[in-house]
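K.L.:
Before I ask anything, here is the structure I am working with.
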Amino acid sequence: MIKVVILGGGNVAYHLTNEFLKNTSVKLVQVYNRNLINIEYLKNKTSITNRITELKDADIYIIAVSDNAITQLSSKLSLPNKLVVHTSGSSGIKDLYSSSNKGVFYPLQSFSKNSLLNFLEIPICIEAENEDDEMLLEKLAKSISTNCYKINSEQRKYLHMAAVFVNNFVNHLYQLGNEICEENKVPFEILLPIIKETANKIVELSPYEAQTGPAKRNDTKTIEKQQSLLTANKQEIYTLLSKSIYKTYGEKL
């Protein structure tokens, strides 16, 4: 059984904590957080602490905090010969400032505390400084997910950036579309089937093959008409994306 300590009380820590608590291959021996109130709900399930000097013995110490706090928190750890990992997509393995063995355990997903997630479907990207630690992280990853990938720090920063495009930016476009609907008294829910179809389509097709719309077919009449309906900010985004689609498919504005 793999013994784990989680350091953090945010969204990623919350979901990993709940997943490990119900996992028969993992023993969650402790959760650390500076603010004990945020993890008080765990006091009857595992050990909790807000003192970095009182960390229990474990095989893996998982730092699940904001990117800005990884270096500072890891530098406070005195865990020689132990494996300390972070869960960040954009931070490298060298951002861990401790005397411990270092690694990364990055679940590639958008985490919110109120969301229900199936961890079996979540890709876990791992990295370690040596083969034994990599094998241990792989074992931990495969205990909660069917998708484990060995991704180094250089690859991971680009993977995280790609995730920003397909998740954060796309969600912002949903918000802009919702604003257009609200401003014109049209229910946003009408768009849900096309949103789902677009997401489902790229399971079978590449995004390149799945592209449709006026920008791809160089329908300048429709583009100009829609641009005239938009506020300045939305018009700028619409034009920028249309130009990018034109460029991708060999057309020029």
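K.L.:
Considering only region 56-71, state which residues are of a type outside the set (Asp, Glu) and either surrounded by 14 or more Cβ atoms within 10 Å (Cβ to Cβ) or without any contact (Cβ under 8 Å) to a residue 24 or more places away in the chain (or both).
P.N.:
Passing the criteria: Ala58, Ile60, Tyr61, Ile62, Ile63, Ala64, Val65, Asn68, Ala69, Ile70, Thr71.
Residue-by-condition table, conditions (1) surrounded by 11 or more Cβ atoms within 10 Å (Cβ to Cβ); (2) touching a residue at least 40 places away in the same chain (Cβ under 8 Å); (3) among the hydrophobic types (A, V, I, L, M, F, W, C):
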position	(1), (2), (3)
Phe105	yes, yes, yes
Glu127	yes, no, no
Leu137	yes, yes, yes
Ala162	yes, no, yes
Ile180	yes, yes, yes
Ile190	no, no, yes
Pro193	no, no, no
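K.L.:
Outside any helix (DSSP H, G or I) and modelled with pLDDT of 95 or more: which single residue out of Tyr238, Tyr158, Tyr174, Tyr149 fits that description?
P.N.:
Tyr149
K.L.:
Going by what's in this entry, would Leu77 be described as crowded, with 18+ Cβ neighbours inside 10 Å, more than 14 Å from Asp59 (Cα to Cα), free of Cβ contacts under 8 Å to residues at least 40 places away in the same chain and not aromatic (Phe, Trp, Tyr)? Explain how you work it out, then say what you get.
P.N.:
Numbers: crowded, with 18+ Cβ neighbours inside 10 Å: yes; more than 14 Å from Asp59 (Cα to Cα): yes; free of Cβ contacts under 8 Å to residues at least 40 places away in the same chain: yes; not aromatic (Phe, Trp, Tyr): yes.
When the stated conditions are applied, Leu77 passes them.
K.L.:
Next question. Output the number of the condition that Asn184 fails; it satisfies all remaining conditions of (1) modelled with pLDDT of 95 or more; (2) surrounded by 12 or more Cβ atoms within 10 Å (Cβ to Cβ).
P.N.:
(2)
K.L.:
Right, here's the next one. Which of the residues belonging to region 30-55 are aliphatic (A, V, I, L, M) and surrounded by 13 or more Cβ atoms within 10 Å (Cβ to Cβ)? Don't jump to the end; show me each part of the working.
P.N.:
Restricting attention to region 30-55, the residues satisfying the condition of being aliphatic (A, V, I, L, M) are 31, 36-37, 39, 42, 48, 52, 55.
Across region 30-55, the qualifying residues are Val31, Leu36, Ile39, Leu42, Ile48, Ile52, Leu55.
K.L.:
Looking at the structure I just gave you, is Ala141 assigned to a helix (DSSP H, G or I) and without any contact (Cβ under 8 Å) to a residue 40 or more places away in the chain?
P.N.:
Considered against the rule, which asks whether it is assigned to a helix (DSSP H, G or I) and without any contact (Cβ under 8 Å) to a residue 40 or more places away in the chain, Ala141 comes out as yes.
K.L.:
Mind telling me which of the residues Lys234, Lys216 ends up being of a type in the set (D, E, K, R), in the same structural domain as Glu182 (by TED's automatic domain parsing) and under 13 Å from Leu176 (Cβ atoms)? Spell out how you get there, then give the answer.
P.N.:
Numbers: Lys216 fails: under 13 Å from Leu176 (Cβ atoms).
Checking each option against the conditions leaves just Lys234.
K.L.:
Which residues, counting only those in region 44-73, are among the aliphatic types (A, V, I, L, M) and part of a helix (DSSP H, G or I)? Give the steps one after another, and end with the answer.
P.N.:
Our first condition is that a residue be among the aliphatic types (A, V, I, L, M); within region 44-73, this holds for 48, 52, 55, 58, 60, 62-65, 69-70, 73.
Hits for region 44-73 are Ile52, Ala69, Ile70, Leu73.
The values are calculated or read from the model by the stated rules, or taken from the named source; none is laboratory data. Because the structure is predicted, anything quoted here is derived from the model rather than measured. For neighbour counting, all protein chains shown are included, and Cβ atoms are generated from backbone atoms with ideal geometry for every residue, glycine included.
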